[in-house]
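Read through the structure below, which is laid out as structure tokens, and then see the notes.
The values are calculated or read from the model by the stated rules, or taken from the named source; none is laboratory data. Keep in mind that what you see is a predicted model, and the values were worked out from it rather than measured. Ideal geometry is used to build each Cβ from the backbone, glycine not excepted, and the neighbour counts take in all protein chains shown. In case anyone asks, the SASA skips ligands and DNA or RNA and just uses the protein heavy atoms, side chains included. Shrake-Rupley method; radii C 1.70, N 1.55, O 1.52, S 1.80 Å.
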Amino acid sequence: MTSQPLTPAERAACAVCADWLATSTAVGLVAWFAVAAALAGLATGGAPHPVLLLVPLAVLERVLAARVALDARLFDRLATGSLATLDDLDAGLRQTLAVPAAKAGRPLAPALAGARRLYRWQTVATVLIVVLAILAWC
């Protein structure tokens with residue numbers, strides 16, 4: 001492993017990203033309330049067709065939520081120094097999650113961008129679930 005320890009500015013970026021990603025818990029709660037509302041709408045005679053998309057979207061939202069939560073923890077560890085370098089992170093991901101070596105060596109900026117992208121996709125899935133819940137009541 002040859003990478004240098006993160007600079008204070010990089011640690012700060014990791015800390016901010018970790019804190020922001022941690023807010024995805026609230027996004028997940030909105031998704032679950034919307035799922036419950038959609039099912040209640042269906043139970044009261046609402047439109048069944050929109051609800052057919054509910055299960056795959058809810059599963060997608062949960063998978064994205066798990067990935068966002070993992071990223072939040074990993075960026076927190078980078079921020080606090082539990083993981084001193086990006087090479088340490090890559091080694092842990094390869095060993096524990098069998099992440100291919102070809103995906104290793106990514107600089108911090110693309111890693112942060114990838115985490116933000118996952119968060120946005122989780123939010124999009126949640127918005128779609130809310131729309132389906134509204135349609136279920138129509």
Problem set entry | Longest to shortest principal axis, alpha-carbon extents of the range 68-112, angstrom | 25, 21, 20
Exercise. How do the peptides 7-18, 102-113 rank, highest first, by the average count of neighbouring beta carbon atoms within 10 Å per residue?
Worked result: 7-18, 102-113
Problem set entry | Evaluated over the chain, the Cα radius of gyration and Dmax, each in Å | 18.5, 62
Exercise. About its Cα centre, what dipole magnitude does the chain give when the only charges are +1 on Lys and Arg Cβ and -1 on Asp and Glu Cβ, stated in debye to the nearest 20?
Worked result: 180 debye
Seminar exercise, completed: Under the helix-only model (-39500 (n - 2.57) for each DSSP H run of 4 or more, divided by the residues of the chain), the mean residue ellipticity at 222 nm, to 500 deg cm²/dmol, is -26000 deg cm²/dmol
Exercise. Tell me, what is the percent relative contact order of the chain, built from C-alpha pairs under 8 Å that lie six or more residues apart?
Worked result: 47 percent
For this session: Go through 116, 94 and list them by solvent-accessible area, largest first, probe radius 1.4 Å.
Result: 116, 94
Exercise. How large is the dipole of the range 56-124 about the Cα centre if only Lys and Arg carry +1 and Asp and Glu carry -1, each at its Cβ, rounded to the nearest 20 debye?
Worked result: 220 debye
Seminar exercise, completed: Binned at 5 Å starting from 0, the alpha-carbon pair-distance distribution of the range 58-138 in whole percents comes out as 3, 14, 19, 22, 16, 10, 7, 5, 4, 2, 0
Problem set entry | Computed over the range 1-66, Cα set: Rg, Dmax in Å | 19.0, 62
